[in-house]
Amino acid sequence: MRLLLLTVLALAFSNALALQDPTRPDGFGASPQAQVPQKEFSLASIFIGNDRRVAVIDGVARREGQTFEGVRVRRIHPDRVELVDQGRVRVLRLEPLPQVRSSQ
C-alpha cells in the first residue's frame, strides 16, 4: 500500500513539474546569455591605389579580405571601412580633419 502511495505521489509530482504556462513567453526564466562586448577599433587612414586598398586600423595596415582578431575587413572605401564582426557588418569612419584658419 505504501509503495503504491509513493508511486502515485512521485508520478503526480513529476507531472506537476512538467506543466508549463502556455502564456509564458519563450525564454522566460532562462538565464540571459552574456554578450561579448565589441572591441573598439580606430581607423587612422585609408590608402587607395590602382591595384590595392589599405586601411590603417589600430596602427596596423590591413587589406581587404584580411582577418585579424576574429574580424574580417570586408571592403575599404575612400571614407570608411566595412568590417564583419561575429556575422555583423561594422563600419569604421575616418574622423574629419580639423579646419585650420590662417592667422595672417
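Every read-out reported here was derived from the displayed coordinates using simple, explicitly stated rules and does not represent laboratory data. Since we're looking at a predicted model, the values are computed, not measured.
Observations, loosely collected:
- Near the amide H of residue 64, within less than 5 Å, lie the amide hydrogens of 53, all on another chain or at least 5 residues away, with H placed in the peptide plane.
- For segment 51-62, putting each phi into the Karplus relation 6.51 cos²θ - 1.76 cosθ + 1.60 with θ = phi - 60° gives couplings of 10, 8, 10, 10, 10, 8, 10, 6, x, 10, 6, 10 Hz, in residue order, rounded to whole numbers and with x for Gly and Pro.
- Between residue 79 and residue 24, residue separation times 0.36 nm minus the direct Cα-Cα distance comes to 15.0 nm.
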